Amino acid sequence: MSNIDLIPPLLIVAPILAATLPIALGLRYDRTGWSVATITSTGLFAAALALASVVYTSGEVIHTLGGYPRTYGIQLVADEFSTLIVLLITGVAAGVLAYTRRGGPRGNTFYTAYLLLVGGLLGISLTGDVFNLFVFLEITSIATYALVASGDGPESAVAALKYLILGTVAASMYLLGVAFVFMATGTLNMVELSTAIPAAERPVLIQTGFAFIVVGFAVKVAQWPLHTWQPSAYQQAPDGVTPLIAALVSTASAYAFGRLIVTVFEVDYLAAMPNAAAIVLTIGCVSVLAGTVLAVIQTEVKRMLAYSSVSQFGLVIAAYGVVIAGNSETALTGAVIHLVGHGLLKTGLFLGAALVAASYGARTVDEYAGLATDRPIVAGSMAVLLFSLVGIPPSIGFVGKWYIALGAVESQLWPVAAVIFLSTMLTLAYAARLLEKMYFTPATVVERPHARGPVATDGGDADRDDDSTPDSEVEIDDGRAAAGLRGGAARNPVSVGMIAIVVVVALGAVALGFAGGAIAELLEPFLTEVIN
Amino acid sequence: MVADIRPLAAVLVSAVAIVLIIASHRRPNLREGWSVVAALAKFGIIVSMLPAVIGGTVFEWSLYESTGIQFLEGIDFALRADPLGIFFALLASFLWIFTSFYATGYMRGLDEHAQTRFFASFAASLSTAVGIAFAANLVTIFVFYELLSLVTYPLVAHNEDDEARIAGRKYLTYTFFGGGVFLLAGTAMVYWLTSLVEGGPTLAFEAGGMEALAAAAQAEPVYAQAAFFLLIAGFGVKAALMPLHSWLADAMVAPTPVSGLLHAVAVVKSGAFGVARVILEVYGPGLIRDLPLDVPGIGEIGLNIPVAIVAAFTLTAASIIAMRKDHLKRRLAYSTTAQLSYIVLGLSMLHPYAIVGALFHIPAHAFAKLTLFFCAGAIHVETHTDYISEMAGIGKRMPLTMTAFTIGAAGMAGLPPIAGFVSKFYMLIGAGDVGGSYWLFAAALLLSAVLNIGYLWPVVYTAFFESEDRHDAKPLLEFPRGGVVQSYGDGSDDDHVATDGGERANGTEPTDTTETEDTVVDEEFEYAVDKYPSDHTGPDDVATDDQGDRVSSVNHHGDHDDHLTGGPPAAGWQRHSPFTESTWLMLAPIAVIATGAVVLGIGPDYAVFLELAIQIVEDVFGMPFEELSTVPFDELMTEVTE
């Protein structure tokens, strides 16, 4: 393994450098952005695979930047945990491009932000330095603000602004937390910190630092009640961008939070810290419940899925709480798997939603009526993904939930276990709503519930009027409106790649449902290292 | 334990059929052909394992051993054809053969929409039901249990109207609450409990109970009890134990083949089957009896007693509710609720005879209830009649169907020549042998038999012994609960009072109004009977129809809560011979299944199910069946524990 330790820095530097290419080349050529992004992210994915093959066979890969020792230098670490996240990020980043080629957004600046975002996310996953983590959090955030703001209309600008304010406050909170910890220990390297923190003379500084970090990440991961930026950001971002943001941005933050808990502060130290476990558990459990309730009452599909993310990340945070409270390896496995699984599922779901919006302009749950007959493949894939999200086996969603729930049971945290088991039902509440619309609601009946007034008096049936002999002006207009909505496919074609990527994600979610044992095995060395 | 691919093949054969069914959606004859081929193949695979299983061999296929993939850490995804598994798989796959013919006749007779989805989901349901049968551990059974809920949902919501959607919602809510919450929680707890002791963690079924769990239960009795009730509640939802039963009656909006095979056999029995797995092979009778549950005021009782009480209550209450249901399928649904509780009650009495009775009741009830549902469906297809009050004199229109119905009804009540008698007999012996408070359960069984006659005999009576223009009022249906309260001294009624109490105004009035409504309705909706001709010249002419856009046409012949569609035509029922009353696609399955119910009742020793049931009990108690009757009950229980 001669040069394998060069891969981590390359993974970060390559996309950031490549981000300049679309703009530079854009001076001369149009439409180079997609090609640059595709070449880069495919390369990144290949590199991530190469890295993974080394990490999972012969242990972690560490690159020390500039050769400075870790007490004051910066390390990039690819271990069993971070490599999994790197695989997810590069995979999703490459996959979403299959959508954006036809589905948009287009333009070279978009792909610049896209690559910048990927670089930032990979940085978050690979860095071994808490201050460096802040830098990458900011790179990610700024790229995300730009991407959200690139949506149409003033709402996108407002959503981006909201995100910018909250996101920056959160990052500052995190930075304050790091400052407190630095005051107490004098180092910023994660491995150094893990030995320095228990030895710190003034634990109150550490506690304060942890408190700031928790609040900062609660915003970044969009935990209730600090989630308010997230639904608008997901909803108002361009359709092609939402899958990327939803799958990766909060996931990377949640990963970073998990990393800080298990590697920096360490489970034993946090377990001894008063109320730490209880606070993390409460944030997670409350978010699971609140997120679902909010998801159920949404009418917009993207917004509903956004609130669903609040509750699903709640599960991950609750799992971290179980790790702290119960010293549970199982719960940590569950958290990792659910992070990756949720990222994958949300990619697919948001891609599906984008596809439907692109072809029909359908954005609300009601407008999804009859989708199964019009777009059987997309509807089927979305159904698989939704059921996976609910946790129906065999699927990645079930595997994550199983380990988290088992961890809670093993730690005898019964209220938490109850919330996790009930989350199945809660998720079902909004998933079934969408499914029922897609499969068991005929399209025409629901779309124009009021316009039927004049004809409904004779008790005649709606379908016949619409299809054969419209007997009034209203009917004709109605028919055209419906045709416009339904027949949009001709004007706004959906490419094979767009459908294929949704199907691939759905199949992947099911296939990974059988990998529960394998992933746990891959994580095993990491788990035994961080959990005593 | 012999490694063999056949358990997996039995599960997958209908999964493969799903693909073929969807692929041939433009050619209905080919599509239905795949259903039949898959049903025969599945049955063939299962039968091929039968002799060896009776001989004591257990076939197992494990994902880990065949591919090296571990499903979850420490948990294998394994399928195992043991006696209990093959018992259920054999039943479901055998009945599927006839149901696929019947479903073809039914769906074409009504010219239903989305038939491809229907047949695909049907095949998927059978795949998962056999998966439940062969599952070798709690996680595997959970996987198939959840998938079964999932694939039957499209069947329940098939009609795509509000009623069907609401029923579908309720169905998903109940079944996922049972599976995703209770069953998963119970499974996780068992995994955790067994991880505390040597030999664990394990979730694999063992005849007579998991040893690791028995050891863990000594250390953590409270959690072991909680896990037991979680598992029972999880399976109890599908077994329609009260108070978790109400999805079943609502699910009757589904097409009748679904109500018949799935909501009388495969789905609901998978719940009862799960209860059997939990009682016999997870906890084991000995452990269940020995885990003391401290009830204030009564003292310590076995874990089985609360389950038995719930089951006894359910079977009595559901029978009473059934009496007041006018919709035939709903009445049958409550009857199913009651009959499933027989199975749960028999299992929870823990006595070997009661267990044999309970297990044998699985096929006994399946054959009889499937007959009843097939008859209800045939009546619906031919006459669009769903309500019992409109069935007066229907016996001359559908003689064979109503004869089969009579056989099924007798089976429900447990009358001797029919299979239901054998199972009830064993259960009564079991209850009597234990004695003591178990006599109460015996009493519940006997009372329920009477109630069974009370709600099914009126159907037979009205079909054969009444005619459309001359029939009695249905006091249980039409009068307020508790009867009519009326004083003879009431002044307003003076004119009508006859000294012999006959011909009272309020007795005939409801009948009159119904009849007038019927006449009016029949004029308007006469096409509801005639539009789809009663007698099919052959399936082919229907097959050419485009079945895509039939949503509007199902609106008036679905299983709705209206009296608009059914009842005799204006000129009264036409008289038909048994061979012309319906299509052979429906009559043949009815005849075969009804015959099956009689065969099981006359010669249970020769039909394979009783033999398997006895073998299961022998495995659980670890001694030959003949010796079981000589050992006292308490001693038997302690021997299981050791």
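Readers should treat all values here as calculations from the given coordinates under stated rules, not as data from a laboratory. None of these values were measured; they are calculated from a predicted model. Don't worry about glycine lacking a Cβ; one is built from the backbone with ideal geometry, like all the others, and counts go over all protein chains shown.
Does anyone have the angle between helix A:108-126 and the longest principal axis of chain A? Alpha-carbon axes, 0 to 90°, nearest 10?
40 degrees
With N residues in chain A, what two-decimal value do you get for its Cα radius of gyration over 2.2 N^0.38 Å?
0.99
Against the globular-protein guess of 2.2 N^0.38 Å, express the Cα radius of gyration of the protein assembly as shown as a ratio, rounded to two decimals.
1.01
Loop-only check: which trypsin sites (Lys or Arg not before Pro) in region B:232-324 are DSSP coil with at most 16 other Cβ within 10 angstrom?
Hits after loop and neighbour filter: B:R324.
Amide H of A:T364 versus every other amide H placed in the peptide plane: which residues, excluding those fewer than 5 positions away on the same chain, fall under 5 Å?
A:V301
Just checking the output field for B:162-168: average partner chain Cβ neighbours within 10 Å of each residue's Cβ?
Other-chain Cβ atoms within 10 Å of each residue's Cβ, averaged: 2.
Among all stretches of chain A without exposed chymotrypsin sites (Phe, Trp or Tyr not before Pro) (DSSP loop, at most 12 other Cβ atoms within 10 Å), which one is longest?
In chain A, the maximal stretch lacking such sites is A:73-532.
Using label points projected 7 Å from each Cα along Cα→Cβ, tell me how many nm separate A:R202 and A:A50, to one decimal.
My value for the distance between the label points is 4.8 nm.
So what are the ³J(HN,Hα) numbers for region A:368-375, from phi and the Karplus equation (6.51, -1.76, 1.60; θ = phi - 60°), rounded to whole Hz, Gly and Pro as x?
Computed from phi, the couplings for region A:368-375 are 7, 4, x, 4, 4, 7, 7, 10 Hz.
Note the full-extension length gain between B:E626 and B:S246 as 0.36 nm times their separation in residues minus their Cα-Cα distance, in nm to one decimal.
Extra length available between B:E626 and B:S246 comes to 132.7 nm.
If you take each beta carbon of peptide B:179-192 and count the beta carbons of other chains within 10 angstrom, what is the mean?
6
Looking at region A:66-166 from every direction and averaging, what is the projected area of its Cα convex hull in nm²?
For region A:66-166, the mean projected area of the Cα convex hull comes to 7.9 nm².
Once phi is turned into θ = phi - 60°, what whole-Hz ³J(HN,Hα) does the Karplus curve with 6.51, -1.76 and 1.60 give for every residue of region B:621-634, x standing for Gly and Pro?
8, x, 8, x, 4, 5, 6, 4, 6, 8, 8, x, 4, 4
Nearest-5 percent of antiparallel DSSP beta bridges in region B:1-291?
80 percent
Report the trypsin sites (Lys or Arg not before Pro) located in region A:10-109 that are in a DSSP loop and have at most 12 other Cβ atoms inside 10 Å of their Cβ, or state none.
Passing sites in region A:10-109 are A:R28.
If you wrap a convex hull around the C-alpha atoms of region B:298-451 and split its volume per residue, what is the figure in Å³?
Spread over its residues, the Cα hull of region B:298-451 gives 95 Å³ apiece.
Assuming R0 = 60 Å, what is the FRET efficiency of B:R324 and A:I377, from their Cβ-Cβ distance, to the nearest 0.05?
Once the sixth-power term is evaluated, E becomes 0.80.
With a Förster radius of 35 Å, plug the Cβ-Cβ distance of A:A179 and A:A157 into 1/(1 + (r/R0)^6) and report the FRET value to the nearest 0.05.
Computed FRET efficiency for A:A179 and A:A157: 0.60.
Please turn the phi angles of region A:21-36 into ³J(HN,Hα) values with the Karplus equation 6.51 cos²θ - 1.76 cosθ + 1.60 (θ = phi - 60°), one per residue in order, whole Hz, x for glycine and proline.
Rounded to whole hertz, the list is 4, x, 5, 4, 5, x, 5, 10, 10, 8, 6, 9, x, 4, 5, 4.
Please give the peptides B:419-428, B:624-633 ranked by average Cβ packing (other Cβ atoms within 10 Å per residue), highest first, as a rough proxy for protection.
B:419-428, B:624-633
Please report, in whole Å, how far the alpha carbons of region A:267-375 spread along each principal axis, starting with the longest.
Principal axes ranked by extent give 56, 24, 17 Å for the Cα atoms.
Taking only the alpha-carbon atoms of region A:171-215, what semi-axes of the equivalent ellipsoid follow from 5 times the gyration tensor eigenvalues under a square root, in whole Å, largest first?
That gives 16, 11, 8 Å for the three semi-axes.
Would you please give the FRET efficiency between A:T364 and B:D433, computed as 1/(1 + (r/R0)^6) with r the Cβ-Cβ distance and R0 = 51 Å, to the nearest 0.05?
0.20
Given region B:1-291, report the % of alpha carbon pairs whose separation exceeds 37 Å.
It works out to 14 percent of all Cα pairs.
Residues in region B:134-152 near a label at B:I22, defined as backbone nitrogen under 12 Å from the 7 Å Cα→Cβ point?
none
At A:V169 and A:L25, where each label point lies 7 Å from the Cα along Cα→Cβ, what is the point-to-point distance in nanometres?
That separation, rounded to one decimal, is 4.1 nm.
Based on the mean of other Cβ atoms within 10 Å per residue, sort peptides B:303-314, B:208-219 so the most packed one is first.
Those peptides, ordered most packed to least, come out B:303-314, B:208-219.
Which residues in region A:214-233 place their backbone N less than 20 Å from a point set 7 Å from the Cα of A:T282 along the Cα-to-Cβ direction?
Output list for this probe position: A:214-228.
What percent does the relative contact order of chain A come to when contacts are Cα pairs within less than 8 Å and at least six residues apart?
Across chain A, relative contact order equals 14 percent.
Rounded if a/c is under 1.5, else prolate if a/b is larger than b/c, else oblate: which is region B:229-272, with a ≥ b ≥ c the root eigenvalues of its Cα gyration tensor?
Here region B:229-272 falls in the oblate category.
State, as an integer percentage, the relative contact order of region B:1-291 based on alpha-carbon contacts under 8 Å between residues 6 or more apart.
18 percent
With runs of 4+ DSSP H residues as the only contributors, calculate the mean residue ellipticity of the protein assembly as shown at 222 nm using -39,500 (n - 2.57) per run, divided by the residue total and rounded to the nearest 500.
Taken over the protein assembly as shown, the calculation gives -22500 deg cm²/dmol.
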